[in-house]
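A short write-up of the structure that comes next.
What follows is calculated from the coordinates using simple rules that are stated; it is not laboratory data. Predicted model only: the values in this text are computed from it and were never measured. Cβ atoms come from the backbone with ideal geometry, glycine included; neighbour counts cover every protein chain shown.
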Amino acid sequence: MSRIFTRLASPSFLARSKSSTRSIPPSPSMDAVEIAETADTLHVRSHVQYNTPDHITPDNVLPSPLEQFHIWFNEARHAGVREPDAMCLSTATASGIPSSRMVLFKQLDKHGFVFYTNYTSRKSKELEENPNAALLFFWREMSRQVRVVGRAEKMSKEESEAYFKSRPIGSQLGAWASAQSSVIDEDILQTKVKETYERFGIAEDAQEGHVPLPQFWGGWRVIPSEMEFWLGKPSRLHDRVRYLRVEEPTSDGDPRWIINRLSP
Ligand SMILES: Cc1cc2nc3c(=O)[nH]c(=O)nc-3n(C[C@H](O)[C@H](O)[C@H](O)COP(=O)(O)O)c2cc1C
């Protein structure tokens with residue numbers, strides 16, 4: 001079926017849906033994308049061309065993907081990437097049903113990538129039953145993405161406590177008030193937040209203060225067994241460099257990695 005692509009079309013089946021009753025002004029980036037509608041389908045065509053001047057190969061990356069990530073992360077910060085620390089975390093149930101969501105990357109050490117969350121949330125329950133996890137960073141402004149595949153393990157209570165203390169008091173209390181991922185009504189959440197401030201004797205406009213780490217909250221560390229660095233190039237002929245960890249570590253006990261270029 002032939003389709004006519006337009007930059008301004010408003011898909012009727014979306015307009016009919018309950019969630020899009022408000023009109024959303026077109027953003028400048030919409031020029032990069034055209035859409036076409038058939039009776040029941042929205043077709044999208046992208047005009048974004050990636051054209052980064054730099055080039056990565058197995059020969060010009062560092063032997064450790066964690067060190068390579070460190071360099072790319074700093075470059076993303078200096079290139080003005082908005083929220084370079086935002087990463088997509090994918091988990092799966094024991095039977096392999098996947099789910100993804102964004103979390104904030106908080107720490108990189110010689111073992112892996114750390115984020116913090118509620119230990120009773122959906123992601124944590126999935127990691128408890130299936131520790132396989134994937135992370136994805138996308139730094140649009142640099143046409144770069146980094147994939148991490150590995151196993152997740154809980155941070156120690158001491159590490160989680162140290163991080164929890166560094167959070168603003170509102171976020172500390174928010175962690176206590178929210179049974180993350182459970183079904184809740186808006187007014188009940190507000191009541192729970194209010195009760196939490198009262199319980200700890202914290203004024204609602206407090207800017208500072210500390211409350212204990214909830215036992216249901218803390219960090220996860222994803223220890224990579226595979227990482228991939230991706231750089232956007234014209235005609236979708238992108239650069240991809242993949243690291244695979246081999247079982248046998250180096251004589252210093254550090255992970256040993258095989259590095260390959262992958263087809264785009
Ligand atoms: C940019 C961004 C960063 C986020 N960072 C976190 C985070 O660090 N920890 C967290 O628990 N949720 C974070 N969230 C909320 C999660 O995406 C998600 O809604 C929540 O953790 C519940 O996920 P779950 O029900 O799959 O466990 C973030 C959301 C966005 C959009």
By Cβ neighbour count within 10 Å, fewest first, Asp239, Asp54, Asp59, Asp252 rank Asp252, Asp59, Asp54, Asp239
Surpassing 22 Å at the alpha-carbon level, of the pairs Lys125/Lys154; Lys106/Lys194; Lys123/Lys194; Lys106/Lys233; Lys123/Lys233, are Lys106/Lys194; Lys123/Lys194; Lys106/Lys233; Lys123/Lys233
Quick calc: nm separation of the 7 Å Cα→Cβ label points for Lys154 and Arg77 -> 3.0 nm
Ordered by fewest other Cβ atoms within 10 Å, a rough proxy for footprinting exposure, Glu228, Glu208 read Glu208, Glu228
Phi angles of the range 44-58, converted by Karplus (6.51 cos²θ - 1.76 cosθ + 1.60, θ = phi - 60°) into ³J(HN,Hα) in whole Hz with x for Gly and Pro, give 10, 10, 9, 10, 5, 10, 8, 8, 6, x, 7, 8, 10, 9, x
Compactness summary of the range 65-261: radius of gyration and Dmax from Cα atoms, Å, are 19.1, 60
In this structure, the FRET efficiency calculated for His43 and His210 from their beta-carbon separation, with R0 = 41 Å, to the nearest 0.05, is 0.20
Taking 0.36 nm per residue of separation between Glu226 and Glu129 and subtracting their Cα-Cα distance, the length gained on full extension comes to 32.8 nm
Within the set Ile71, Ile223, Ile184, GNM on the chain using Cα springs under 10 Å gives the largest fluctuation to Ile184
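For the chain, what is the calculated [θ] at 222 nm in deg cm²/dmol (nearest 500), taking -39500 (n - 2.57) for each run of four or more DSSP H residues and dividing by its residue count? Write down the numbers at each step before the final one.
Details: 6 runs with 59 residues, N = 264.
When only DSSP H runs of four or more count, the value is -6500 deg cm²/dmol.
Just to verify a number: FRET efficiency for Lys110 and Ala32, C-beta to C-beta distance, R0 = 45 Å, to 0.05? Write down the numbers at each step before the final one.
Working: r = 39 Å, r/R0 = 0.87.
Efficiency for this residue pair is about 0.70.
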Cα convex hull volume per residue for the range 135-240, in Å³, equals 168 Å³
